[in-house]
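Let me begin by handing over the structure; questions about it come next.
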Amino acid sequence: LSSASSFRGFHFNVQLSGAMNSSDERTEVVLLACGSFNPITNMHLRLFEIARDYLQETGKYKVSKGIISPVGDAYKKKGLIQAHHRVAMTKYATKSSDWITVDTWESEQNEWQETEKVLRHHYQQLLSSENTESQKSRKRKYEDCSSSDKSDLKSKAVPELKLLCGADILESFNTPNLWKPEDIEEIVGEYGIVCITRAGSSAEKCIYESDVLFKHRRNIHVVNEWITNDISATKIRRALRRNQSVKYLLPDPVVEYIHKHNLYSAESEEKNSDVILAPLHRYTK
(Lines give C-alpha, C1' and ligand atoms only; values in the text may rest on other atoms or scores of the structure.)
Protein backbone atom coordinates (compact mmCIF):
# COMPACT_ATOMS: atom_id res chain seq x y z
CA LEU A 1 0.00 0.00 0.00
CA SER A 2 1.17 3.51 -0.63
CA SER A 3 -0.13 7.00 -0.23
CA ALA A 4 1.01 10.28 -1.69
CA SER A 5 1.00 13.83 -0.38
CA SER A 6 2.28 17.16 -1.64
CA PHE A 7 3.98 19.89 0.36
CA ARG A 8 4.85 23.32 -1.00
CA GLY A 9 4.67 22.03 -4.53
CA PHE A 10 6.85 18.95 -3.91
CA HIS A 11 5.46 15.47 -4.38
CA PHE A 12 6.42 12.79 -1.91
CA ASN A 13 5.56 9.10 -2.15
CA VAL A 14 5.13 7.45 1.23
CA GLN A 15 5.59 3.66 1.26
CA LEU A 16 3.88 1.98 4.21
CA SER A 17 5.99 -0.52 6.13
CA GLY A 18 3.67 -3.41 5.34
CA ALA A 19 4.49 -3.10 1.66
CA MET A 20 8.28 -3.25 1.88
CA ASN A 21 9.93 -4.95 -1.03
CA SER A 22 11.98 -8.03 -0.36
CA SER A 23 15.60 -7.19 0.41
CA ASP A 24 16.91 -8.54 -2.89
CA GLU A 25 14.78 -6.01 -4.79
CA ARG A 26 15.88 -2.98 -2.83
CA THR A 27 18.63 -0.66 -4.07
CA GLU A 28 21.76 -0.78 -1.92
CA VAL A 29 22.90 2.65 -0.71
CA VAL A 30 26.09 3.95 0.87
CA LEU A 31 25.85 7.29 2.71
CA LEU A 32 28.80 9.71 2.67
CA ALA A 33 29.06 12.67 5.03
CA CYS A 34 31.77 15.26 4.40
CA GLY A 35 32.54 18.07 6.81
CA SER A 36 34.82 19.53 9.44
CA PHE A 37 33.65 17.36 12.37
CA ASN A 38 35.26 19.93 14.63
CA PRO A 39 34.45 18.09 16.83
CA ILE A 40 32.10 15.27 15.87
CA THR A 41 28.89 15.40 17.92
CA ASN A 42 26.06 13.02 18.72
CA MET A 43 23.97 14.91 16.17
CA HIS A 44 26.42 14.04 13.41
CA LEU A 45 25.93 10.38 14.26
CA ARG A 46 22.17 10.80 14.49
CA LEU A 47 22.10 12.07 10.88
CA PHE A 48 23.19 8.63 9.72
CA GLU A 49 20.57 6.83 11.79
CA ILE A 50 17.78 9.17 10.69
CA ALA A 51 18.76 8.85 7.03
CA ARG A 52 18.96 5.07 7.19
CA ASP A 53 15.55 4.81 8.86
CA TYR A 54 13.99 7.09 6.25
CA LEU A 55 15.46 5.35 3.21
CA GLN A 56 14.72 1.83 4.42
CA GLU A 57 11.18 2.69 5.46
CA THR A 58 10.40 3.63 1.86
CA GLY A 59 10.87 -0.04 1.01
CA LYS A 60 13.07 0.93 -1.94
CA TYR A 61 16.50 1.13 -0.35
CA LYS A 62 18.85 -0.90 1.84
CA VAL A 63 21.56 1.18 3.51
CA SER A 64 24.65 -0.96 3.87
CA LYS A 65 27.28 1.52 4.99
CA GLY A 66 27.90 5.02 6.25
CA ILE A 67 31.17 6.87 5.68
CA ILE A 68 32.46 9.91 7.58
CA SER A 69 35.07 11.90 5.65
CA PRO A 70 36.67 14.73 7.66
CA VAL A 71 37.94 17.64 5.58
CA GLY A 72 41.67 18.27 5.34
CA ASP A 73 43.59 21.10 7.01
CA ALA A 74 43.84 22.94 3.68
CA TYR A 75 40.16 23.87 3.94
CA LYS A 76 41.35 26.74 6.15
CA LYS A 77 38.14 27.21 8.08
CA LYS A 78 38.35 29.45 11.11
CA GLY A 79 38.91 27.43 14.29
CA LEU A 80 39.63 24.21 12.40
CA ILE A 81 41.99 22.07 14.47
CA GLN A 82 44.43 19.60 12.92
CA ALA A 83 42.95 16.82 10.82
CA HIS A 84 44.64 14.00 12.71
CA HIS A 85 42.80 15.04 15.89
CA ARG A 86 39.45 15.27 14.09
CA VAL A 87 39.99 11.89 12.46
CA ALA A 88 40.90 10.35 15.81
CA MET A 89 37.73 11.73 17.39
CA THR A 90 35.52 10.41 14.60
CA LYS A 91 37.09 6.97 14.98
CA TYR A 92 36.41 6.99 18.71
CA ALA A 93 32.85 8.17 18.06
CA THR A 94 32.07 5.38 15.60
CA LYS A 95 33.83 2.57 17.43
CA SER A 96 30.53 1.16 18.70
CA SER A 97 28.81 1.31 15.29
CA ASP A 98 28.58 -1.77 13.10
CA TRP A 99 27.91 0.20 9.91
CA ILE A 100 29.36 3.73 10.18
CA THR A 101 33.05 4.00 9.29
CA VAL A 102 35.68 6.73 9.00
CA ASP A 103 37.70 7.33 5.84
CA THR A 104 40.93 9.34 5.97
CA TRP A 105 41.57 9.91 2.25
CA GLU A 106 40.16 13.44 2.14
CA SER A 107 41.87 14.50 5.35
CA GLU A 108 45.26 13.29 4.10
CA GLN A 109 45.30 15.35 0.90
CA ASN A 110 47.69 18.30 0.78
CA GLU A 111 45.15 20.44 -1.08
CA TRP A 112 41.49 20.99 -0.30
CA GLN A 113 39.28 18.55 -2.20
CA GLU A 114 35.92 19.62 -3.58
CA THR A 115 33.00 17.50 -2.40
CA GLU A 116 32.32 16.08 -5.85
CA LYS A 117 35.94 14.85 -6.02
CA VAL A 118 35.45 13.08 -2.69
CA LEU A 119 32.27 11.50 -4.05
CA ARG A 120 34.12 10.38 -7.18
CA HIS A 121 36.88 8.85 -5.07
CA HIS A 122 34.44 6.84 -2.98
CA TYR A 123 32.39 5.75 -5.97
CA GLN A 124 35.56 4.48 -7.61
CA GLN A 125 36.30 2.62 -4.37
CA LEU A 126 32.89 0.97 -4.61
CA LEU A 127 33.62 0.01 -8.21
CA SER A 128 37.03 -1.40 -7.32
CA SER A 129 35.53 -3.51 -4.54
CA GLU A 130 33.87 -5.63 -7.23
CA ASN A 131 36.17 -8.50 -8.20
CA THR A 132 34.90 -9.33 -11.67
CA GLU A 133 36.73 -8.22 -14.78
CA SER A 134 33.59 -6.45 -16.00
CA GLN A 135 33.59 -4.27 -12.91
CA LYS A 136 37.30 -3.53 -13.32
CA SER A 137 36.66 -2.56 -16.93
CA ARG A 138 33.76 -0.38 -15.85
CA LYS A 139 36.02 1.36 -13.31
CA ARG A 140 38.55 2.23 -16.03
CA LYS A 141 35.82 3.53 -18.29
CA TYR A 142 34.33 5.55 -15.42
CA GLU A 143 37.66 7.28 -14.79
CA ASP A 144 38.13 8.10 -18.48
CA CYS A 145 34.65 9.12 -19.54
CA SER A 146 33.04 12.54 -19.43
CA SER A 147 30.71 13.57 -16.63
CA SER A 148 27.63 13.27 -18.84
CA ASP A 149 28.42 9.62 -19.63
CA LYS A 150 29.24 8.42 -16.11
CA SER A 151 25.66 7.68 -15.13
CA ASP A 152 25.40 5.16 -17.99
CA LEU A 153 28.18 3.08 -16.44
CA LYS A 154 26.56 2.72 -13.04
CA SER A 155 25.35 -0.78 -12.39
CA LYS A 156 22.78 -2.18 -10.00
CA ALA A 157 25.59 -4.40 -8.74
CA VAL A 158 27.31 -1.32 -7.33
CA PRO A 159 25.61 0.48 -4.42
CA GLU A 160 24.30 3.98 -4.98
CA LEU A 161 26.43 6.61 -3.25
CA LYS A 162 24.55 9.54 -1.75
CA LEU A 163 25.77 12.64 0.04
CA LEU A 164 24.38 12.92 3.55
CA CYS A 165 24.10 16.45 4.91
CA GLY A 166 22.12 18.93 6.95
CA ALA A 167 19.96 21.67 5.52
CA ASP A 168 22.80 24.17 6.00
CA ILE A 169 24.79 22.45 3.24
CA LEU A 170 21.83 22.52 0.89
CA GLU A 171 21.32 26.21 1.62
CA SER A 172 25.03 26.91 1.10
CA PHE A 173 24.68 25.93 -2.57
CA ASN A 174 23.28 29.43 -3.09
CA THR A 175 26.28 31.15 -1.46
CA PRO A 176 28.32 32.98 -4.14
CA ASN A 177 31.79 31.51 -4.86
CA LEU A 178 31.38 28.66 -2.37
CA TRP A 179 30.42 26.01 -4.94
CA LYS A 180 30.99 25.67 -8.66
CA PRO A 181 27.66 25.30 -10.51
CA GLU A 182 28.94 22.26 -12.40
CA ASP A 183 29.90 20.60 -9.11
CA ILE A 184 26.40 21.08 -7.71
CA GLU A 185 25.02 19.60 -10.93
CA GLU A 186 27.22 16.53 -10.55
CA ILE A 187 26.51 16.05 -6.84
CA VAL A 188 22.72 16.16 -7.12
CA GLY A 189 22.41 14.80 -10.65
CA GLU A 190 24.73 11.80 -10.54
CA TYR A 191 24.77 10.86 -6.86
CA GLY A 192 21.90 12.45 -4.96
CA ILE A 193 21.50 13.96 -1.53
CA VAL A 194 19.84 12.92 1.70
CA CYS A 195 19.23 16.16 3.60
CA ILE A 196 18.26 16.07 7.28
CA THR A 197 16.49 19.30 8.18
CA ARG A 198 17.03 21.24 11.37
CA ALA A 199 14.44 23.30 13.19
CA GLY A 200 13.80 26.54 11.30
CA SER A 201 15.44 25.40 8.06
CA SER A 202 13.78 25.84 4.70
CA ALA A 203 15.18 23.05 2.54
CA GLU A 204 12.13 22.89 0.25
CA LYS A 205 12.29 26.64 -0.31
CA CYS A 206 15.99 26.33 -1.13
CA ILE A 207 15.25 23.64 -3.71
CA TYR A 208 12.48 25.71 -5.25
CA GLU A 209 14.67 28.80 -5.58
CA SER A 210 17.55 26.93 -7.31
CA ASP A 211 17.08 25.89 -10.93
CA VAL A 212 19.71 23.14 -10.60
CA LEU A 213 18.26 21.72 -7.38
CA PHE A 214 14.72 21.93 -8.72
CA LYS A 215 15.78 20.12 -11.89
CA HIS A 216 17.09 17.21 -9.81
CA ARG A 217 14.56 17.48 -6.97
CA ARG A 218 13.60 13.81 -7.30
CA ASN A 219 17.19 12.94 -6.44
CA ILE A 220 17.08 14.97 -3.22
CA HIS A 221 15.57 13.29 -0.17
CA VAL A 222 14.48 15.87 2.40
CA VAL A 223 14.02 14.23 5.79
CA ASN A 224 12.39 16.01 8.71
CA GLU A 225 13.94 15.37 12.10
CA TRP A 226 10.94 15.34 14.41
CA ILE A 227 12.98 14.71 17.56
CA THR A 228 14.71 18.05 17.36
CA ASN A 229 18.30 18.40 18.43
CA ASP A 230 20.13 21.67 18.04
CA ILE A 231 23.61 20.43 18.93
CA SER A 232 26.24 22.12 16.79
CA ALA A 233 30.03 21.92 16.77
CA THR A 234 30.20 25.72 17.08
CA LYS A 235 28.23 25.65 20.33
CA ILE A 236 30.31 22.74 21.60
CA ARG A 237 33.55 24.64 21.00
CA ARG A 238 32.12 27.69 22.76
CA ALA A 239 31.21 25.60 25.81
CA LEU A 240 34.67 24.03 25.86
CA ARG A 241 36.37 27.44 25.69
CA ARG A 242 34.34 28.42 28.75
CA ASN A 243 35.24 25.22 30.62
CA GLN A 244 31.60 24.11 30.57
CA SER A 245 30.53 20.47 30.48
CA VAL A 246 29.74 18.88 27.12
CA LYS A 247 28.94 15.46 28.55
CA TYR A 248 26.02 13.73 26.78
CA LEU A 249 26.46 16.06 23.80
CA LEU A 250 29.46 14.14 22.45
CA PRO A 251 30.37 10.46 22.79
CA ASP A 252 32.28 9.96 26.04
CA PRO A 253 35.51 8.83 24.32
CA VAL A 254 35.48 12.06 22.28
CA VAL A 255 35.08 14.18 25.43
CA GLU A 256 37.98 12.31 27.02
CA TYR A 257 40.16 12.81 23.93
CA ILE A 258 39.43 16.55 23.85
CA HIS A 259 40.38 17.01 27.50
CA LYS A 260 43.46 14.81 27.18
CA HIS A 261 44.83 16.90 24.31
CA ASN A 262 43.43 20.30 25.41
CA LEU A 263 42.04 20.79 21.92
CA TYR A 264 39.64 23.73 22.07
CA SER A 265 40.58 27.12 23.47
CA ALA A 266 40.32 30.81 22.64
CA GLU A 267 43.60 30.48 20.78
CA SER A 268 42.51 27.51 18.66
CA GLU A 269 39.29 29.30 17.71
CA GLU A 270 41.37 32.05 16.09
CA LYS A 271 43.26 29.61 13.87
CA ASN A 272 42.88 30.56 10.18
CA SER A 273 41.11 33.79 11.18
CA ASP A 274 43.35 35.75 8.82
CA VAL A 275 43.09 33.23 5.96
CA ILE A 276 40.48 33.07 3.21
CA LEU A 277 38.39 29.89 3.19
CA ALA A 278 39.73 27.53 0.50
CA PRO A 279 36.63 27.52 -1.77
CA LEU A 280 36.35 31.31 -1.68
CA HIS A 281 40.06 31.66 -2.41
CA ARG A 282 39.82 29.24 -5.33
CA TYR A 283 36.58 30.45 -6.91
CA THR A 284 36.56 34.21 -6.27
CA LYS A 285 37.63 36.08 -9.40
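Restricting attention to the range 71-90, and to residues there that are basic (Lys, Arg) and open to solvent by 50 Å² or more (accessible area, probe 1.4 Å), which single residue is farthest from residue 249 (Cα to Cα)? Steps first, answer last, please.
Of the range 71-90, the ones basic (Lys, Arg) are 76-78, 86.
Now drop any that are not open to solvent by 50 Å² or more (accessible area, probe 1.4 Å), which leaves 76-78.
Details: 76: 25, 77: 23, 78: 22 Å.
Per the stated criteria, the residue is 76.
So, one more: Would you check if residue 210 is without any contact (Cβ under 8 Å) to a residue 24 or more places away in the chain, over 20 Å from residue 226 (Cα atoms) and small (Gly, Ala, Ser)?
no
Scan the range 100-119 for residues that are over 19 Å from residue 82 (Cβ atoms) and either touching a Pro at 6+ places or on another chain (Cβ under 7 Å) or part of a loop (DSSP other than H, G, I, E, B) (or both) and report the count.
1
Check residue 49 against each of (1) farther than 15 Å from residue 278 by Cβ; (2) in contact (Cβ under 8 Å) with a residue 12 or more places away in the chain and name the one condition it does not meet.
So the condition that residue 49 fails would be (2).
Which numbered condition trips up residue 76, out of (1) touching a strand residue (DSSP E or B) at 6+ places or on another chain (Cβ under 8 Å); (2) at positive phi?
Among (1) touching a strand residue (DSSP E or B) at 6+ places or on another chain (Cβ under 8 Å); (2) at positive phi, residue 76 violates only (1).
Take residue 69 and tell me if it is farther than 18 Å from residue 169 by Cβ and not hydrophobic (A, V, I, L, M, F, W, C).
Details: farther than 18 Å from residue 169 by Cβ: no; not hydrophobic (A, V, I, L, M, F, W, C): yes.
It is false that residue 69 is farther than 18 Å from residue 169 by Cβ and not hydrophobic (A, V, I, L, M, F, W, C).
Here are the criteria: (1) touching a strand residue (DSSP E or B) at 6+ places or on another chain (Cβ under 7 Å); (2) assigned to a loop (DSSP other than H, G, I, E, B); (3) of a type in the set (Gly, Ala, Ser). Tell me which single one residue 97 does not satisfy.
Result: residue 97 passes all but (1).
Given the criterion closer than 30 Å to residue 274 by Cβ and touching a Cys at 6+ places or on another chain (Cβ under 7 Å), identify the matching residue among 36, 69. Walk me through how you get there before you give the answer.
Numbers: 36 fails: touching a Cys at 6+ places or on another chain (Cβ under 7 Å).
Being closer than 30 Å to residue 274 by Cβ and touching a Cys at 6+ places or on another chain (Cβ under 7 Å) holds for just one of 36, 69, which is 69.
Could I ask something else about it? Are there any pairs with C-beta distances below 8 angstrom linking a residue in the range 66-89 that is under 12 Å from residue 263 (Cα atoms) and β-branched (Val, Ile, Thr) to a residue that is at pLDDT 95 or above and crowded, with 22+ Cβ neighbours inside 10 Å, with the two at least 6 apart or on different chains, and if so which?
81/38; 81/264
In the range 268-281, which residue that is among the charged types (D, E, K, R) and within 18 Å of residue 35 (Cα to Cα) is least open to solvent (accessible area, probe 1.4 Å)?
Step one: list which residues in the range 268-281 are among the charged types (D, E, K, R), which gives 269-271, 274.
Applying the additional criterion that residues be within 18 Å of residue 35 (Cα to Cα) yields 269, 271.
Numbers: 269: 26, 271: 81 Å².
Going through the qualifying residues, I end up with 269.
Within the range 13-28, work out how many residues are at pLDDT 95 or above and among the polar types (S, T, N, Q).
Going through the range 13-28 one residue at a time, the tally reaches 1.
Rundown of residues vs (1) at pLDDT 95 or above; (2) assigned to a helix (DSSP H, G or I); (3) touching a Pro at 6+ places or on another chain (Cβ under 7 Å), yes/no style:
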position: 11; (1), (2), (3): no, no, no
position: 30; (1), (2), (3): yes, no, yes
position: 34; (1), (2), (3): yes, no, no
position: 37; (1), (2), (3): yes, no, yes
position: 40; (1), (2), (3): yes, no, no
position: 45; (1), (2), (3): yes, yes, no
position: 53; (1), (2), (3): yes, yes, no
position: 59; (1), (2), (3): yes, no, no
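Tell me which residues, restricted to the range 29-85, are aromatic (Phe, Trp, Tyr) and out of contact with any Lys or Arg (no Cβ under 7 Å at 6 or more places or on another chain).
48, 54, 75
Could you grab the pairs with beta carbons closer than 8 Å, sequence gap of 6+ or different chains, first residue in the range 254-277 and within 13 Å of residue 240 (Cα to Cα) and of a type outside the set (A, V, I, L, M, F, W, C), second one open to solvent by 30 Å² or more (accessible area, probe 1.4 Å) and at pLDDT 95 or above?
Every condition considered, the pairs that remain are 257/92; 264/241; 265/241; 269/78; 269/241.
The values are calculated or read from the model by the stated rules, or taken from the named source; none is laboratory data. In this text, all values refer to a predicted model and were calculated from it rather than measured experimentally. Ideal geometry is used to build each Cβ from the backbone, glycine not excepted, and the neighbour counts take in all protein chains shown. Heads up: the accessible areas ignore ligands, DNA and RNA and are worked out on the full protein's heavy atoms, side chains in. Shrake-Rupley method; radii C 1.70, N 1.55, O 1.52, S 1.80 Å.
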